[in-house]
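All remarks here apply to the structure that follows.
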Amino acid sequence: MTVTTAVQFFETLASNHPARLRKLHELPGSAILIDEAHAAIPSWLWPQTWVWLRELTEQWGCHVVLASGSLARFWAMKEIVDPPQSLPELVPEHVRSAAQGAERQRIHYVREDAPMDPNGLDRHIFEGDRPWPCVVVLNTVQSAVVLAETCRKMGHAVSHLSTALAPRDRDAIVEKVKKKLKDKAHGKWALIGTSCIEAGLDFDFRSAVRETGPATSMVQLGGRLNRNARQAPELLAVVSLKIGRGGFTELGAIKTPAKVLDQCFQHLDVNALPPAELCTLAMRKELQEEALRQKAAQIRSAEDKREFPEVTALYQVIDEDTVTAVVDKELAERLRRHERVDPLDVIKCSVRIRRSKVGEYSLTPIIEDEIYEWTLKYDPEVLGYMAGVFEAGLTDPGRFLGA
């Protein structure tokens, strides 16, 4: 059995580089399970991805399972699959209907209109009338760290979980959070982080706040709330942020999905729709937007023309070029001495930094263009590498990152 991420799997299918394509040599005849398929890739990548998945099943002898509790029926959408197709359901209809009915009794979504700065969002979280504990998810690492530090300075109990922390340190925080969730005596506290909280973690919070973004992400965070429906429907509030230098930042890649989610709140009873139906509707609306429709068409056109380098360049699950920065000084020194090091140790003790920030953050090369050493301050408990970014005054301005 091979376990990998959606990013690695789909970008390997799109690659024109032999080193990456060699990963596919064991794929023929395999069963491929794509977990949380509704949020695995952006909506505009699905038209071409569907073609590749069909090739895997029809020409490579593979079997593909699309798994999710809120799976968008994109194969029935002409914008993605033309003509639309039908797929066999693995869960009987009566079971699925019962589960969707129970979902409406578990969680309730609301949209907060007024944009909030860090202090305003702190007040919204800790001065509001909500059950505790609360989970908060923002779209960028800087926004999450800024909010966590603001809440700490106000004397509130918070934990932070994002890719500002190396996997080794994130694992330690996850264990602490699980213990706190089991211990009801901890009372009024919040976990603040990015989308890494939304999937694969068995957390059960009593309330939630999420920055506006894709409908799939909102639904995904809902899975970390009132998981066993033991309480009355719990509240997930969707908020907007005030953007400012050194404070909150925005993520350009999800500007259109965020606009679509706002349209859903304006024109629909979001809570009346089953999660799968909401995600399907949002995906359809996203692909009706000219910018995303053009991006999808560019990939299909490049594939049809056999312009595979262009396909690789256009097909980016995460549109961000990053490098590895080792935060453990001892490990960095061992790498510099060319000692044998377990690759897993490098992953556990590293963070990903945008390549454009290598010079600004003073990263020291260990293996040029591949592995660097993080030399600024690093806080393994809360702020991660953002501790050094703040200390050096290198925070991003309030602009659309990646726009």
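The values are calculated or read from the model by the stated rules, or taken from the named source; none is laboratory data. Nothing here was measured: the structure is a model prediction, and the numbers come from that model. Here Cβ is always computed from backbone atoms with ideal geometry, including for glycine, and neighbour counts include all displayed protein chains.
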Review point. What do you reckon, is SER70 within 18 Å of THR280 (Cα to Cα) and in contact with an Asp or Glu (Cβ under 6 Å, 6 or more places away or on another chain)?
Key: no
Review point. From the list LEU201, LEU165, which residue is buried (at least 24 other Cβ atoms within 10 Å of the Cβ) and part of a loop (DSSP other than H, G, I, E, B)?
Key: LEU165
Revision key, fill the gap. Subset of region 263-320, residues closer than 13 Å to ILE80 by Cα, in a helix (DSSP H, G or I) and more than 21 Å from the chain's Cα centre (by Cα), comes to ARG293, GLN294, ALA297, ILE299, ARG300
Check your understanding: Quick one: which of GLU58, GLU36 is touching a residue at least 40 places away in the same chain (Cβ under 8 Å) and acidic (Asp, Glu)?
Key -> GLU36
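Yes/no per residue for (1) farther than 30 Å from ARG306 by Cα; (2) part of a loop (DSSP other than H, G, I, E, B):
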| site | (1), (2) |
| --- | --- |
| VAL51 | no, no |
| GLY61 | no, yes |
| GLY69 | yes, yes |
| GLU79 | no, yes |
| TYR109 | yes, no |
| TRP132 | yes, yes |
Revision key, fill the gap. By residue number, the members of region 117-157 that are in contact with a Lys or Arg (Cβ under 9 Å, 6 or more places away or on another chain) and within 17 Å of LEU225 (Cα to Cα) are ARG130, PRO131, TRP132, PRO133, CYS134, VAL135, VAL136, VAL137, LEU138
Study note, to complete from the structure: Going through region 1-57 in order, the residues found to be over 27 Å from LEU281 (Cβ atoms) and acidic (Asp, Glu) are GLU11, GLU26, GLU55
Practice item. Tally the residues that are in contact with a Leu (Cβ under 7 Å, 6 or more places away or on another chain) and in a helix (DSSP H, G or I), restricting the search to region 216-243. Key: 4
Practice item. Looking only at region 339-346, decide whether some residue is touching a Pro at 6+ places or on another chain (Cβ under 8 Å), within 24 Å of TYR378 (Cβ to Cβ) and touching a residue at least 24 places away in the same chain (Cβ under 8 Å). Key: no
**Study point:** Test result for VAL145, among the hydrophobic types (A, V, I, L, M, F, W, C) and either closer than 14 Å to TYR385 by Cβ or part of a helix (DSSP H, G or I) (or both)
**Key:** yes
Point to revise | Of residues in region 332-349 being touching a helix residue (DSSP H, G or I) at 6+ places or on another chain (Cβ under 8 Å) and either among the small types (Gly, Ala, Ser) or not in a loop (DSSP other than H, G, I, E, B) (or both), the one surrounded by the fewest Cβ atoms within 10 Å (Cβ to Cβ) | key: ILE347
Point to revise | Scan of region 211-235 for residues that are among the acidic types (Asp, Glu) and either more than 19 Å from the chain's Cα centre (by Cα) or not assigned by TED's automatic domain parsing to the domain that holds SER143 (or both), ordered by number | key: GLU234
Review point. Out of region 11-22, which residues are touching a residue at least 12 places away in the same chain (Cβ under 8 Å) and not hydrophobic (A, V, I, L, M, F, W, C)?
Key: GLU11, THR12, SER15, ASN16, HIS17
Point to revise | Filter result for the condition that a residue is touching a Pro at 6+ places or on another chain (Cβ under 8 Å) and of a type outside the set (Val, Ile, Thr), over LEU165, LEU201, LEU121, LEU138 | key: LEU165
Check your understanding: What pairs come up if the first residue lies in region 297-320 and is in the same structural domain as ARG352 (by TED's automatic domain parsing) and within 11 Å of ASN16 (Cα to Cα), the second is among the basic types (Lys, Arg) and surrounded by 16 or more Cβ atoms within 10 Å (Cβ to Cβ), and their beta carbons are under 9 Å apart, counting only those six or more places apart or on different chains?
Key -> none
Review point. Among the residues of region 263-274 satisfying the criterion of being surrounded by 16 or more Cβ atoms within 10 Å (Cβ to Cβ) and not aliphatic (A, V, I, L, M), which is modelled with the lowest pLDDT?
Key: PRO274
Check your understanding: Restricting to region 350-388, what's the tally of residues that are over 25 Å from HIS160 (Cβ atoms), of a type in the set (D, E, K, R) and surrounded by 16 or more Cβ atoms within 10 Å (Cβ to Cβ)?
Key -> 0
Review point. Counting only residues that are in contact with a helix residue (DSSP H, G or I) (Cβ under 8 Å, 6 or more places away or on another chain) and acidic (Asp, Glu), which one in region 275-306 is surrounded by the fewest Cβ atoms within 10 Å (Cβ to Cβ)?
Key: GLU289
Check your understanding: Looking at region 56-63, is at least one residue buried (at least 18 other Cβ atoms within 10 Å of the Cβ), among the β-branched types (Val, Ile, Thr) and closer than 28 Å to GLN298 by Cβ?
Key -> no
